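Chemist: Let me give you the structure first, and then I'll get to my questions.
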Amino acid sequence: MSAHPPQSSSSPAAFAAAAAARRGSRPHCSARAPPGRYAPNHKLTEPWRFVCLGDQSAAELGVLVADHIGGEKGLKKQQAWAAVPTWIAALCKGQTITEAHTANNQSLPSVMDYTQLEDYAAVCCAVHNMTLSMHTAGVSAKWSTGGVTRKQAFRDLIGAADDELVVGVLMCGFRRPSAPSLQAPRKLRPLTELPEAGGGGDEADADAAALPGFARRAAAAAKPVLCFSP
């Protein structure tokens, strides 16, 4: 696994104790990356690179997210992120980087040619492979693509090259024995056919009723997940 040192030379002292507490329950990064290398990858470009953040980088990431969100909410997010045992950033090489990726400018389109799109999809598959491998090993992971990952300061922190797109960061840690069992999220779109209004059963109707109006209309107009051609 390749990693680059962060730009800053100091980490916030307030999170030194949290970093020390994390070490005992930290999944080893070197055991997490190999499954990602076996993701589907057209033309065998192997576009992925993974960066495991050390204590200093993790502390600086907390400062970045606090500044990004701002106020008390930002400080709470910083405190929550300080408890994450392991951070792994996923990068995709050969991409066209714009202010959409360095300044979180969502008004700009993300520019991709076909090879870039395939490479991005390959890295997404690699990240998913890693999370499935982690689950098998008893490690929980959350894949985050929050706005802070689309800031130049975050790119500098993880040493992203000029042509590397940040696909996201994984928050990893061993699952607590007392943690509640995971529940699969409910899906509103039917698998093979879209029920008529009021004909989806109580559960489907309740899920649809919980959506904003525009989302209810979109769900009603959506095609089934699985369709069959003639």
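Chemist: Confirm whether ALA137 is of a type outside the set (Val, Ile, Thr) and crowded, with 16+ Cβ neighbours inside 10 Å. Before you say what the answer is, go through the steps one by one.
Modeler: Working: of a type outside the set (Val, Ile, Thr): yes; crowded, with 16+ Cβ neighbours inside 10 Å: no.
Judged against the criteria, ALA137 is not a match.
Chemist: Further, regarding this structure: Would you check which residues across region 77-122 are among the acidic types (Asp, Glu), surrounded by fewer than 20 Cβ atoms within 10 Å (Cβ to Cβ) and closer than 30 Å to TYR38 by Cα and list them?
Modeler: ASP113, GLU118
Chemist: Taking region 60-77 as the region of interest, how many residues are within 22 Å of PHE174 (Cβ to Cβ) and touching a Leu at 6+ places or on another chain (Cβ under 9 Å)?
Modeler: 1
Chemist: Could you look through region 115-163, keep only residues that are among the small types (Gly, Ala, Ser) and part of a helix (DSSP H, G or I), and pick out the one that is farthest from GLU99 (Cα to Cα)? Show your work before the answer.
Modeler: Initial filter on region 115-163 (among the small types (Gly, Ala, Ser)): 121-122, 126, 133, 137-138, 140-141, 144, 146-147, 153, 159-161.
Filter once more, keeping what is part of a helix (DSSP H, G or I): 121-122, 126, 133, 147, 153.
Values: ALA121: 21, ALA122: 23, ALA126: 25, SER133: 33, GLY147: 12, ALA153: 12 Å.
So the residue we want is SER133.
Chemist: Just one of GLY62, GLY146, GLY71 is more than 24 Å from ASN41 (Cα to Cα), surrounded by fewer than 14 Cβ atoms within 10 Å (Cβ to Cβ) and small (Gly, Ala, Ser); which is it?
Modeler: Testing whether each residue is more than 24 Å from ASN41 (Cα to Cα), surrounded by fewer than 14 Cβ atoms within 10 Å (Cβ to Cβ) and small (Gly, Ala, Ser) leaves just GLY71.
Chemist: When the residues of region 135-172 are narrowed to those that are aliphatic (A, V, I, L, M) and in contact with a Pro (Cβ under 7 Å, 6 or more places away or on another chain), which ends up nearest to VAL111 (Cα to Cα)?
Modeler: Initial filter on region 135-172 (aliphatic (A, V, I, L, M)): 137, 139, 141, 148, 153, 157-158, 160-161, 165-167, 169-171.
Narrowing further to those that are in contact with a Pro (Cβ under 7 Å, 6 or more places away or on another chain): 139, 157.
Values: VAL139: 34, LEU157: 23 Å.
Here the answer is LEU157.
Chemist: Moving on. Test GLY168 against the stated conditions and say whether it is under 12 Å from the mean Cα position of the chain (by Cα), modelled with pLDDT of 90 or more and either surrounded by 14 or more Cβ atoms within 10 Å (Cβ to Cβ) or under 22 Å from LEU53 (Cα atoms) (or both). Lay out the reasoning, then the answer.
Modeler: On the way: under 12 Å from the mean Cα position of the chain (by Cα): yes; modelled with pLDDT of 90 or more: yes; either surrounded by 14 or more Cβ atoms within 10 Å (Cβ to Cβ) or under 22 Å from LEU53 (Cα atoms) (or both): yes.
Taking the combined requirement at face value, the residue satisfies it.
Chemist: Could I ask something else about it? Failed condition for VAL111, given (1) in a helix (DSSP H, G or I); (2) over 18 Å from the mean Cα position of the chain (by Cα); (3) not basic (Lys, Arg), with all others met?
Modeler: (1)
Chemist: Could you tell me whether any residue of region 16-38 is loosely packed, with under 15 Cβ neighbours inside 10 Å, in a helix (DSSP H, G or I), at pLDDT below 70 and of a type in the set (S, T, N, Q)?
Modeler: Yes - at least one qualifying residue is present in region 16-38.
Chemist: Follow-up. Does CYS52 satisfy the condition of being under 17 Å from VAL166 (Cβ atoms) and assigned to a helix (DSSP H, G or I)?
Modeler: No, not satisfied.
Chemist: Here's a follow-up. Which one is farthest from GLU118 (Cα to Cα), of the residues in region 45-63 that are among the aliphatic types (A, V, I, L, M) and in contact (Cβ under 8 Å) with a residue 60 or more places away in the chain?
Modeler: Initially, region 45-63 is screened for residues among the aliphatic types (A, V, I, L, M), giving 51, 53, 58-59, 61, 63.
Now drop any that are not in contact (Cβ under 8 Å) with a residue 60 or more places away in the chain, which leaves 51, 53, 61.
Numbers: VAL51: 21, LEU53: 27, LEU61: 29 Å.
Among those that are among the aliphatic types (A, V, I, L, M) and in contact (Cβ under 8 Å) with a residue 60 or more places away in the chain, it is LEU61.
Yes/no matrix, rows are residues, columns are (1) at pLDDT 95 or above; (2) under 15 Å from MET171 (Cβ atoms):
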| residue | (1), (2) |
| --- | --- |
| PRO85 | no, yes |
| GLN106 | no, no |
| CYS124 | yes, no |
| VAL139 | no, yes |
| THR145 | no, yes |
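The values are calculated or read from the model by the stated rules, or taken from the named source; none is laboratory data. Because the structure is a prediction, the values reported are computed rather than measured. When we count neighbours, we look across all protein chains shown, and the Cβ atoms used for this are built from the backbone with ideal geometry, even at glycine.
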